[in-house]
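Taking it in order: structure first as structure tokens, then the write-up.
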Amino acid sequence: MRDEQHFDEHVFETQYEYGAETDELTVILIDAIAEIEGISPAEVAPRINESVDPDAMERVLRPLPDGSERDGRLTFYLLGYRITVRSDGIVRIFEADE
């Protein structure tokens, strides 16, 4: 669920709700990078698999079967951005340090 989004020159942030009837986490990441870069999501989509396994990312971060939250985060790089996804659903995208 996209409750709140912030764009500036350095960061994108949103809250993702695991298991809700929203776009998949991967789609949110692809759309965010595409919007930041001013390109089509179709140009970003094939590249995400070079950086992270989207299915594994969801499995590792989503809540446990009993509904309790995991405590973790995953950070990876894609198209010059550092992307951090936390188990509580916070997604942050930063320009990668050069």
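Restricting attention to the stretch 28-64, which residues are among the hydroxyl-bearing types (Ser, Thr, Tyr) and within 13 Å of the chain's Cα centre (by Cα)? Once the filter is applied, which keeps residues that are among the hydroxyl-bearing types (Ser, Thr, Tyr) and within 13 Å of the chain's Cα centre (by Cα), the stretch 28-64 yields only SER51. Look at the stretch 70-81: where a residue is surrounded by 14 or more Cβ atoms within 10 Å (Cβ to Cβ) and a partner is in a strand (DSSP E or B), sitting 6+ places away or on another chain with Cβ atoms under 6 Å, you get ARG73/THR84; ARG73/ARG86; LEU74/VAL85; PHE76/ILE83; TYR81/ILE93. Could we say that GLU43 is modelled with pLDDT under 90 and of a type in the set (Asp, Glu) here? Considered against the rule, which asks whether it is modelled with pLDDT under 90 and of a type in the set (Asp, Glu), GLU43 comes out as no.
Residues in the stretch 6-18 that are modelled with pLDDT under 80 and open to solvent by less than 80 Å² (accessible area, probe 1.4 Å): 2 in all.
When the residues of the stretch 22-60 are narrowed to those that are in contact (Cβ under 8 Å) with a residue 40 or more places away in the chain and under 19 Å from PHE12 (Cα atoms), which ends up surrounded by the fewest Cβ atoms within 10 Å (Cβ to Cβ)? The extreme case among them is GLU37.
Within the option set LEU29, LEU64, being aliphatic (A, V, I, L, M) and not in a helix (DSSP H, G or I) holds for one residue only, LEU64. Of the residues in the stretch 83-91, not one is at pLDDT 90 or above, in a helix (DSSP H, G or I) and open to solvent by 30 Å² or more (accessible area, probe 1.4 Å).
The values are calculated or read from the model by the stated rules, or taken from the named source; none is laboratory data. The shown structure was predicted, so the numbers you read here are calculated from the model rather than taken from an experiment. A quick note on method: Cβ atoms are made from the backbone with ideal geometry, for glycine too, and the neighbour counts reach across all protein chains shown. Surface accessibility is based on the protein's heavy atoms, side chains included, excluding ligands, DNA and RNA. Shrake-Rupley method; radii C 1.70, N 1.55, O 1.52, S 1.80 Å.
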